[in-house]
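Here's the structure we're looking at; comments come further down.
Since every read-out is calculated from the coordinates, none of them should be taken as a lab result. Just so it is clear, the structure is predicted and the values come from calculations on it, not from any experiment. Heads up, the Cβs are rebuilt from the backbone with ideal geometry, glycines too, and the neighbour counts pull from every protein chain shown.
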Amino acid sequence: MKRLELIGVRAERAEKTVLDGMDATFHGGRLTVVIGPNGAGKSTLLDVAAGLLNPASGRVELDGADIGTLSLRQLAQRRAYLPQSPRVDWAISVERVVALGITARLPAFGGLPEAWKPKIDLALQRLDLLHLRERPATRLSGGELARVMLARATVADPEILIVDEPTAGLDPRHALDAGERLRALARAGCGVVVALHDLDLAARIADDVIAIKDGRIVAQGRADDILNEAVLREVYDVRARVSRDTDGLSIRFLP
Amino acid sequence: MSRWLLPGLLAVLALLSAVSLLAGTVWFTPADALAALRNPHGDLLQLVITEVRLPRLALAILVGAILGLSGAVLQGLLRNPLAEPGLLGVSSGASLGAVIALYYGFAAAFTLATPLFALVGALSTISVALLLSRTGGTLSLILTGVAVSTIAGAGLSLALNLAPNPYAAYEIMTWLMGSLNDRSWDHVLLATPFILAGGFLLFLTAPALDALTLGERQAESLGVDLKRLRLLALLGTALGVGAATAVTGTILFVGLISPHLVRPLVRHQPGAVLLPSALVGAIIVLAADIATRLLRFGPDVKLGVFISVIGAPFFLWLVLHLRKTSP
């Protein structure tokens, strides 16, 4: 993928306008973080970008082609999506969960084609899951489940990966780890779009930032240009102090 | 899937089928049975095999299989281990249709009136449930199914209440209990096309059910068309279970229990549960049918009642067990 573009998108949920007049561009090989307060429309923006919610007006283009013209299956072969707090309902093994990532490339009947097995091994290895491959996915810790889901989302090498709050419920070590892995994917050429509440992590991993509020874009651009006191104050309605030291950017909100 | 699971289940099914042909009020030797199968127009004893036990065997397998299959699909679709075909109003719709046929005397006019009316009843209730829940999600589907099912149940009670004579009420009650007694090849011919068509639609859901393990959002992002999946599952259930209920009456619990018995053996993969669950359903109904023929406590115990007596305690165990293991 070269780019994914939202053009004049207005989106509704339950007949209420959640996004309005949204123009945004995501680039391949870059990691874009979407920030904004609760209810700003971050998840809706991600859903529209993922092609899971049709915009009421406007369109979404993947390399210049309207994604509305792609079938669910075609789209699933090119982009991966992880919702907030993903869960597994049956006690299937970790390996099976990861294998579900290639659902859109499987024939309608029959088991897993041999050709995919090395891919699954690779995904498991990349996320340090080899020792867990036979474990039922319902018996994993939060950090392990997050890694399994990431392996699931990346097993088929998507061109674009859209992730909603991957660090929700993770301790600092696992949150940093998840961030690093997303960074690595972007370095490898994947377009990564992440909604995040953790701004320190956002500052650490983002190439680009889109700041939204009340369904509209407040600012978008390179992370260094967006994560400043003026923009943050406008987005969150709280005074913010941004300081930079040898460890990078650190953001503090003041009452 | 364990390599021995399907051959094992098929072997058990074959064994029970043989027993089903030989056992009953009149016992046959395997040689008698083979002779009857080779020469269908033989003496009276041979007719017992070809015209009584063989259609009964065919129905037991077909009905049990579609109940087990539908239960497995619905549990996967609704991601709920307590789902079963009756939940969506198929059984009560079929019962209402049958009761209308019995009540207004259509059943007396021609033999197949009861199953035909039952089939129409099943298809109507599930269409209503499907139409009303078109815009909503899974929960709305369950609740609509329960509501439609309740309405059909109310109609049923009303029919019993207003029954013109005790005999009509008795006939309705007997039909509701579910049985394979006195079923002929006509019943098999009526139900088979619907059960096969329904079964085919249900088997198509397997890959989507696997993806649905991750929830509806992720399944959709993996390319699963949820609307199509719901339509396949409900239409398949309506056709298959509708036809099954139409010829045998209400048989509960088979659809609930069968998937649970095989799930650990296929490592909990919802798509892989379907085929073994269908076989287990057939085994349960066939075994229960043989048991009702052999165990005699005065009046004969109806198949549906027998399965309920065994199935209800299992259901209770399941609820307690799930409470322990689910988060």
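Quick rundown of the values:
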| item | result |
| --- | --- |
| Region B:240-315: radius of gyration and largest Cα-Cα distance (Dmax), Å | 13.5, 44 |
| Where labels lie 7 Å past Cα in the beta-carbon direction, separation of A:Arg233 and B:Val146 in nm | 5.3 nm |
| Contact order relative to length of region A:116-255, as percent, for alpha carbon pairs under 8 angstrom and 6 or more apart | 15 percent |
| Estimated distance in nm for a label pair at A:Asp23 and A:Ser85, the labels positioned 7 Å out from Cα along Cα-to-Cβ | 3.7 nm |
| Per-residue ³J(HN,Hα) for region A:121-126, Karplus 6.51 cos²θ - 1.76 cosθ + 1.60, θ = phi - 60°, Hz, x for Gly and Pro | 4, 5, 4, 5, 5, 4 |
| Computed over region A:3-254: relative contact order in percent, which uses C-alpha pairs under 8 Å that are six or more apart | 26 percent |
| In Hz, Karplus ³J(HN,Hα) per residue of region B:215-229 (6.51, -1.76, 1.60; θ = phi - 60°; x = Gly, Pro) | x, 5, 4, 5, 4, 4, 5, 8, x, 7, 8, 5, 5, 5, 4 |
| Alpha-carbon Debye profile of chain A, log10 I(q)/I(0) at 0.07 Å⁻¹ | -0.24 |
| Ellipsoid equivalent to the protein assembly as shown - semi-axes via the Cα gyration tensor, in Å | 56, 25, 19 |
| Relative contact order (percent, whole number), region B:5-325, Cα cutoff 8 Å, 6+ residue spacing | 30 percent |
| For region B:302-316, Karplus couplings with θ = phi - 60° (6.51, -1.76, 1.60), whole Hz, Gly/Pro x | 6, 4, x, 5, 4, 5, 5, 4, 7, x, 4, x, 4, 4, 4 |
| Spacing of the two label points (7 Å from each Cα toward its C-beta) at B:Val19 and B:Arg3, in nm | 2.8 nm |
| MRE, 222 nm, helices only [DSSP H, n ≥ 4, -39500 (n - 2.57), over chain B, to nearest 500] | -24500 deg cm²/dmol |
| Proximal aspartates and glutamates to A:Lys16, defined as alpha-carbon separation beneath 15 angstrom and excluding residues fewer than eight positions away on the same chain | A:Asp214 |
| DSSP-defined antiparallel bridges as percent of all bridges, region A:3-254, nearest 5 | 65 percent |
